[in-house]
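Throughout, read-outs are computed from the coordinates displayed, never taken from laboratory work. Note that the coordinates shown come from a computational prediction; the quantities given were computed from them, not determined experimentally. Every residue, glycine among them, receives a Cβ derived from its backbone with ideal geometry; neighbour counts consider all protein chains shown.
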Amino acid sequence: MRSLFKVAVIEDDRPTSNQLPEWILWARPGIRVDQWFTRDDAEAAIARDDCDLVLPAIELGRERHTGVAIITAINKSTRGTPVLVVSAMPMTICRGIMKALDASDHLQKTTFSDADFFDTYLEILRDPDGSQEVDVPLDRARRTVFDAEIAAVPGAPERLN
């Protein structure tokens, strides 16, 4: 049994790919974050490793539906891994697709605030399948985060958008 909580970030945009782990670790220190930049690497990692949460982009490079393939592979694995999609695809288009794929949630790049990310991410960690909170240390002061507070906190992450 694995004791370290593990998150996979699948994103080819380097600034976004580097920002997400920073936020993840700031919200809950002690988590292992793996980053994958290509479909082949991501699919191999998903098949090989158990992750507790996956954050895929929908598009990786020129492949427009990579995220859909990755989410489908996660669903076929029957591990029940929660998925938080972070994509540039407009919410109006993506919402139905993500619901059909049983993704836990979706955030649209450049439109969500830091607080939206933290709230969504922490909610998934608290109750990834609707039954219990994940046993990951949490600084209670970080449970509720607002944009104005983030800028005032020493060491707080930079904005993604």
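With 0.36 nm allotted per residue and the present C-alpha distance subtracted, the ASP49-THR110 stretch has 19.0 nm of extension available. Which shape class applies to the stretch 1-128: rounded if a/c is under 1.5, otherwise prolate when a/b exceeds b/c and oblate if not, where a ≥ b ≥ c are the square roots of the Cα gyration tensor eigenvalues? Here the stretch 1-128 falls in the rounded category.
Annotation for the stretch 15-67: trypsin sites (Lys or Arg not before Pro) lying in DSSP loop with at most 12 further Cβ atoms inside 10 Å of their Cβ are ARG62, ARG64.
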